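Engineer: What follows is a single structure, and I will ask about it in a moment.
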Amino acid sequence: MKLSIDQLSETPTPQAFAVTPEWWRASGGAAAEVAEAIGEAVEFRVEAHRMGVDVFLEGEASGALELACGRCLARYRAPILERFRLVLEPAGHRVPADPEGAAALARDGLFLADELESGWFRGSPIDLSAFIHEVIALLLPVQPLCREDCRGLCPHCGADRNAESCNCVEKNPASPFAALEVLRGGSSGGGNR
Ligand SMILES: [Zn+2]
Ligand SMILES: [Zn+2]
């Protein structure tokens, strides 16, 4: 997604961009699992305007991600809404200290600071793809859960404990009976009374 800096005025200009898995791969988005999580429905909206020599961007990523639950493995849709603000200063003759940042400024006309709230631009148009990548990658949960209290799969028989209960006995190492059962060589599960 390109942004024509030289056409911006002090009135915000709205733009919308559909984020697709195909675009993610083609534009060099890092994590492949993000491309899998992007359904048909992630939209990136941005309003940009000039503030003196700076450029101010404000917008949101919205829609849903399609994730696999870390406990029961079920696929589920997670609604997303992430708002952002980004202030860009003209880079002038400055060069970012880190080589990656310098390469991004040369390639995209955009260098992002660590917090994703500020950065530098150079020339026009600038390419916002790297920024879109960052915003959406941050939306991926570290531990995806289909619901807060997902009971997961039984480690013994694989039954989905959200849907059915199985007869496997939870081995409780704190219980003296469990230790006794190990001594007896009984490891096949089943109730002990
Ligand atoms: Zn689950
Ligand atoms: Zn079981």
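The values are calculated or read from the model by the stated rules, or taken from the named source; none is laboratory data. For clarity, every value in this text was computed on a predicted model and none was experimentally measured. Backbone-built Cβ (ideal geometry, glycine too); neighbour counts: all protein chains shown. We work out accessible area using only protein heavy atoms, side chains counted, and drop any ligands, DNA or RNA first. Shrake-Rupley method; radii C 1.70, N 1.55, O 1.52, S 1.80 Å.
Engineer: Filter segment 131-144 for residues that are open to solvent by 30 Å² or more (accessible area, probe 1.4 Å) and either of a type outside the set (D, E, K, R) or touching a residue at least 24 places away in the same chain (Cβ under 8 Å) (or both) and give the result.
Structural biologist: Of everything in segment 131-144, those that are open to solvent by 30 Å² or more (accessible area, probe 1.4 Å) and either of a type outside the set (D, E, K, R) or touching a residue at least 24 places away in the same chain (Cβ under 8 Å) (or both) turn out to be Ala137, Leu138, Leu139, Leu140, Pro141, Val142, Gln143.
Engineer: Ok, one more. Take segment 14-48 and flag every residue that is modelled with pLDDT of 90 or more and either under 13 Å from Gly59 (Cα atoms) or touching a His at 6+ places or on another chain (Cβ under 7 Å) (or both).
Structural biologist: Pro14, Gln15, Ala16, Phe17, Glu43, Phe44, Arg45, Val46, Glu47, Ala48
Engineer: A further question follows. Answer yes or no as to whether Ile126 is over 30 Å from Ala159 (Cβ atoms) and touching a Ser or Thr at 6+ places or on another chain (Cβ under 8 Å).
Structural biologist: It is false that Ile126 is over 30 Å from Ala159 (Cβ atoms) and touching a Ser or Thr at 6+ places or on another chain (Cβ under 8 Å).
Engineer: Mind listing whichever residues of segment 145-169 are within 9 Å of ligand 1 (Cβ to nearest atom) and either farther than 20 Å from Leu67 by Cα or surrounded by 13 or more Cβ atoms within 10 Å (Cβ to Cβ) (or both)?
Structural biologist: Scanning segment 145-169 gives Leu145, Cys146, Cys150, Arg151, Gly152, Leu153, Asp160, Asn162.
Engineer: Right, something else. Determine which member of the set Leu112, Leu105 is in contact with a strand residue (DSSP E or B) (Cβ under 6 Å, 6 or more places away or on another chain) and either open to solvent by less than 30 Å² (accessible area, probe 1.4 Å) or polar (S, T, N, Q) (or both).
Structural biologist: When all the criteria are applied, what remains is Leu105.
Engineer: Arg45 - would you say it is open to solvent by 50 Å² or more (accessible area, probe 1.4 Å) and within 16 Å of ligand 1 (Cβ to nearest atom)?
Structural biologist: It is false that Arg45 is open to solvent by 50 Å² or more (accessible area, probe 1.4 Å) and within 16 Å of ligand 1 (Cβ to nearest atom).
Engineer: Further question on the same structure: As an exercise: evaluate Asp114 against (1) more than 16 Å from ligand 1 (Cβ to nearest atom); (2) at pLDDT 95 or above and give the number of the one condition it does not meet.
Structural biologist: (2)
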